[in-house]
1. Using a cut-off of 12 Å between beta-carbons, work out the net charge of the residues near Ala163 (Lys and Arg +1, Asp and Glu -1, Ala163 not included).
2. What is the packing order of peptides 215-228, 177-190, taking the mean over residues of other C-beta atoms within 10 Å and listing the highest first?
3. Looking at segment 108-233 only, what percent of DSSP beta bridges run antiparallel? Nearest 5 please.
4. Under 1.5 on a/c is rounded, so check that first for segment 116-233, then, if it is not, pick prolate when a/b is larger than b/c and oblate when it is not; a ≥ b ≥ c are the square roots of the alpha carbon gyration tensor eigenvalues.
Amino acid sequence: MATSSSCYTSPFHTITSSSKHQPTLSPSTAILTCSTKRSPISLRSVQRQPVVVTAAANAVEVEKSTVSKTPSKVLPFRVGHGFDLHRLEPGYPLIIGGINIPHDRGCEAHSDGDVLLHCVVDAILGALGLPDIGQIFPDSDPKWKGAASSVFIKEAVRLMDDAGYELGNLDATLILQRPKLSPHKEAIRDNLSLLLGADPSVVNLKAKTHEKVDSLGENRSIAAHTVVLLMKK
């Protein structure tokens, strides 16, 4: 390293001396020395690359292994969010929260298309750190064709109970342009509370229009959001 250090200082001294002949050898020597200095650095960087990649690969494998083998951490409470959306088409019943709502169209879906119950199931599964409703009840399975969504809710409640949790509270928002849900909200909430085995006081339901914007506002679809708080028993 002492030789390479002089390489960088030598040209400057040569220039200040105003010599016309002395720099002839000095620049080539400096260049040769600099290339010698840089060579081990580039070699070291080349050697490090596979080490870093290998370490990253091992880290990914460890994380995957941990996720697959480590049980869910026991927490005093868990929060989950669910979302669902379905197209509205003529010739289908409109079922929300297990209640048949009079309307000129309903949800096109593999099961009964209950957007609220599907959303609630996803929120519970999410809080428990489990796969979503589409993985547990795939629409590719013919046994779920036309199935009542109350079946999905009961399974989600069973999983919640097996994990040692109970519902703290639930807040759901339905988004649709028509029909107005005000006359049906209490019936929907009471039935949802019954399916969850929860007191109606911890189940809240809101309904919003979409101000005639996009498919929701044009009465071509319906959506729902749900947030749940699960408490350790």
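Readers should treat all values here as calculations from the given coordinates under stated rules, not as data from a laboratory. These numbers come from a predicted model, not from an experiment. Every residue, glycine as well, gets a Cβ built from its backbone with ideal geometry; the counts of neighbours run over all protein chains shown.
1. +2
2. Listed from highest to lowest mean packing, they are 215-228, 177-190.
3. Around 60 percent antiparallel, to the nearest 5.
4. oblate
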